[in-house]
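Trainee: My questions all concern the structure below.
The values are calculated or read from the model by the stated rules, or taken from the named source; none is laboratory data. Predicted, not measured: the structure shown is a model, and the values here were computed from it. With ideal geometry, Cβ positions are generated from the backbone for all residues, glycine too; neighbour counts draw on all protein chains shown. Ligands, DNA and RNA are stripped out before the accessible areas are found, and what is left, the full protein with its side chains, is counted by its heavy atoms. Shrake-Rupley method; radii C 1.70, N 1.55, O 1.52, S 1.80 Å.
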Amino acid sequence: MDLEAVRLHRKQRLAAAFRIFARAGFDEGVAGHITARDPERLDHFWVNPFAMHFSQIRVSDLILVNDKGDVVEGDRGVNTAAFAIHSQLHAARPDVVAAAHTHSVHGKAWSTLGRLLDPITQDSCVFYNDHSLFDDYTGVVLKTDEGKRIAAALGEHKAVILRNHGLLTVGHSVEEAAYWFVTMDSTCHAQLLAEAAGKPVLIDSEMAELTASQVGSHAAGEIGFSPLYDVVVREEPDLLL
Ligand SMILES: [Zn+2]
């Protein structure tokens, strides 16, 4: 395997994911991070530099952080919360290549309810029996101990709702983690709208399980990202610099 090619592939998708998140309005001040595990130094991850707007991030702006939280490539700082949370996720889940977390509006609004998402639409089934709730809130996450607790709440799932905070998704690729985040925020939005209007009819468990197997696979997450990537690369080619 050509590790340099894998690294470049991940970094290009990571820079594009930030542009996609900016377009979706997922930025909020300095909050939010997406990480990609380095294919060679497996306890290191690539991440956005602290306080750089998602819409301006290029491949060359990404920084590499080691397992101690030191920036070992790049000349900008790392968000303390990004290290505290993501280092523990990557350590707890060797299968996870990428993780995404932001304070997107619909995700954080849903997170205040302290509930899992229900299977109310085809898209909601992506998360059926495959997300969990971190049912605690202890201020800004600055310590790796708290990141460990979040990783434990995530378990083997693809996503965790951080109560009173926001959403966090993971994947076997940057594409997958980023797409799960986009569709999870939209799923929160849909359920908030539906419950504001009435009492949504739930998809029964057998159908929800079947649908989850159709729309919630690793491959489905990766392909979901593909059209978003194509658009943003054509319209903002500087992201690849
Ligand atoms: Zn946060």
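A quick yes/no check of all residues on (1) more than 23 Å from V141 (Cβ to Cβ); (2) open to solvent by 10 Å² or more (accessible area, probe 1.4 Å); (3) without any contact (Cβ under 8 Å) to a residue 24 or more places away in the chain; (4) in contact with a Gly (Cβ under 6 Å, 6 or more places away or on another chain):
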{"site": "R7", "(1), (2), (3), (4)": "yes, yes, no, no"}
{"site": "I20", "(1), (2), (3), (4)": "yes, yes, no, no"}
{"site": "R37", "(1), (2), (3), (4)": "no, yes, no, no"}
{"site": "F45", "(1), (2), (3), (4)": "no, no, no, no"}
{"site": "H53", "(1), (2), (3), (4)": "no, yes, no, no"}
{"site": "A91", "(1), (2), (3), (4)": "no, yes, no, no"}
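Trainee: Is region 205-217 home to any residue that is within 15 Å of the ligand (Cβ to nearest atom) and in a helix (DSSP H, G or I)? It would help to see each step written out before you state the result.
Mentor: From region 205-217, those within 15 Å of the ligand (Cβ to nearest atom) are none; that's our starting set.
Within region 205-217, not a single residue is within 15 Å of the ligand (Cβ to nearest atom) and in a helix (DSSP H, G or I).
Trainee: Quick one: what pairs do we get from region 94-113, first residue open to solvent by 10 Å² or more (accessible area, probe 1.4 Å), second of a type outside the set (V, I, T) and within 14 Å of the ligand (Cβ to nearest atom), C-beta under 7 Å, 6+ apart or different chains?
Mentor: The qualifying pairs are H103/E28; H103/A31; H103/G32; H103/G166; H106/D185; K108/H165; K108/G166; T112/N164.
Trainee: Which one is farthest from the ligand (Cβ to nearest atom) among residues in region 114-146 that are part of a helix (DSSP H, G or I) and in contact (Cβ under 8 Å) with a residue 60 or more places away in the chain?
Mentor: Within region 114-146, the match that is farthest from the ligand (Cβ to nearest atom) is C125.
Trainee: For residues that are buried (at least 16 other Cβ atoms within 10 Å of the Cβ) and more than 16 Å from V6 (Cα to Cα), scanning just region 25-35, find the one that is nearest to the ligand (Cβ to nearest atom).
Mentor: A31
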